[in-house]
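The structure under discussion appears below in the form of structure tokens.
The values are calculated or read from the model by the stated rules, or taken from the named source; none is laboratory data. Worth saying up front: this structure is predicted, and the values here are computed from it rather than measured. No Cβ is skipped: glycine too gets one built from the backbone with ideal geometry, and neighbour counts run over all protein chains shown.
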Amino acid sequence: MPDVAQGSPAPVAAFLTVIPKIGAAVALARFVSLMPPDVAWRAIVALISVTTMTLGNVAALRQTDVRRLLGWSSVSQSGYALMAIVVMGTSDQALPALVFFWPATPLLTWRLSLWSPI
């Protein structure tokens with residue numbers, strides 16, 4: 001994602017770092033809602049979530065290009081969405097958090113992309 005974000009114009013980079021992430025989160029949330037409760041999918045998705053959050057944030061620390069930073073931020077934000085999906089069946093606040101996260105992410109990413117030179 002960082003390479004795509006760096007090589008694209010700022011509005012395209014903002015679009016590419018947000019829309020696929022939202023689509024994947026919706027698809028995964030729907031998929032895991034259909035999973036039987038005895039399958040250990042929560043631990044697997046939680047591990048992927050923690051790895052994604054850590055990798056995205058650590059890699060973003062060393063970026064000097066705003067668009068690459070946006071790309072790595074997108075990676076870490078995917079981890080945050082995954083964690084909400086992990087707790088979706090156990091917490092009443094998971095779905096409202098995810099519903100708030102979906103529209104807030106494109107707005108913030110678009111705002112950050114305005115700082116990047118075209």
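Quick look at the values:
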| item | result |
| --- | --- |
| Single condition LEU98 does not satisfy, out of (1) at pLDDT 80 or above; (2) surrounded by 13 or more Cβ atoms within 10 Å (Cβ to Cβ); (3) farther than 26 Å from GLY7 by Cα; (4) of a type in the set (A, V, I, L, M, F, W, C) | (1) |
| Residue count for the stretch 51-76, restricted to those that are assigned to a helix (DSSP H, G or I), of a type outside the set (Gly, Ala, Ser) and modelled with pLDDT of 85 or more | 10 |
| Output for the stretch 88-105, where each listed residue is in contact (Cβ under 8 Å) with a residue 12 or more places away in the chain and closer than 21 Å to THR54 by Cβ | ALA97, LEU98, PHE101, THR105 |
| Identity of the residue in the stretch 54-68, touching a residue at least 60 places away in the same chain (Cβ under 8 Å) and under 17 Å from PRO9 (Cα atoms), that ends up surrounded by the most Cβ atoms within 10 Å (Cβ to Cβ) | ARG67 |
